[in-house]
1. Calculate, in nm to one decimal, what ALA101 and SER52 gain on full extension: separation in residues at 0.36 nm each, minus their alpha carbon distance.
2. Figure the gain on full extension for ASP62 and LYS4 (residue separation times 0.36 nm, minus the Cα-Cα span) and round it to one decimal in nm.
3. Beyond a 19 Å Cα-Cα separation, which of these cross-linked pairs lie in this structure: LYS27/LYS92; LYS35/LYS99; LYS10/LYS89; LYS35/LYS89?
4. I'd like the carbon and sulfur percentage of the solvent accessible area for the chain, probe radius 1.4 Å, heavy atoms only, ligands and nucleic acids excluded.
5. Taking θ = phi - 60°, what integer Hz values does the Karplus form 6.51 cos²θ - 1.76 cosθ + 1.60 yield along the stretch 72-84, in sequence order, with x for Gly and Pro?
6. Per residue of the stretch 90-98, in order, report the coupling 6.51 cos²θ - 1.76 cosθ + 1.60 (Karplus, θ = phi - 60°) as ³J(HN,Hα) in whole Hz, putting x for Gly and Pro.
7. Accessible area per residue, 1.4 Å probe, Å², for the chain: what's the number?
8. For ARG70 and ILE90, calculate 0.36 nm times their separation in residues minus their Cα-Cα distance, and state this gained length in nm to one decimal.
Amino acid sequence: MGIKKLGVGKAKDLAELQAEYLKWGSKILAPHITKIFNNIIQQGLPTDWITSLAIPLFKSGDVNNPSNYRTIMINPLFANPFGSMLENKINKWAEERDKRAKV
């Protein structure tokens, strides 16, 4: 499910990977990625996955005014589907135990 949520046409990650690679090969790669994610749950998150690159992009106006920039974050490609998977697991756990916050 996390692979389906990935956007296409986005920038490459820090390892030069693009979401299209996972989307195109999802039928073959999904079982292997699942094994990797299960190992991560048991052994911990790879340190490479907690590093992002912040890139300021100039919008318009005075180049010396920081509010005239917006920031994009380049995150490791596999961190996004892992985060989606983890969110789904936590949501399922919370719903099964009636631990959801009341709105």
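The values are calculated or read from the model by the stated rules, or taken from the named source; none is laboratory data. Because the structure is a prediction, the values reported are computed rather than measured. Cβ sites come from the backbone with ideal geometry, for glycine too, and all protein chains shown count toward neighbours. Calculation scope for accessible area: heavy atoms of the full protein, side chains included, ligands and nucleic acids excluded. Shrake-Rupley method; radii C 1.70, N 1.55, O 1.52, S 1.80 Å.
1. 14.6 nm
2. The span from ASP62 to LYS4 would gain 16.9 nm if fully extended.
3. Checking Cα-Cα distances, LYS27/LYS92; LYS35/LYS99; LYS10/LYS89 exceed 19 Å.
4. Details: 4450 of 7870 Å².
That fraction is 57 percent.
5. 10, 10, 9, 10, x, 4, 6, 5, 5, x, 5, x, 5
6. For the stretch 90-98, the Karplus-derived couplings read 5, 4, 4, 4, 5, 5, 5, 10, 6 Hz, x marking Gly and Pro.
7. 76
8. Roughly 4.1 nm would be gained on extension.
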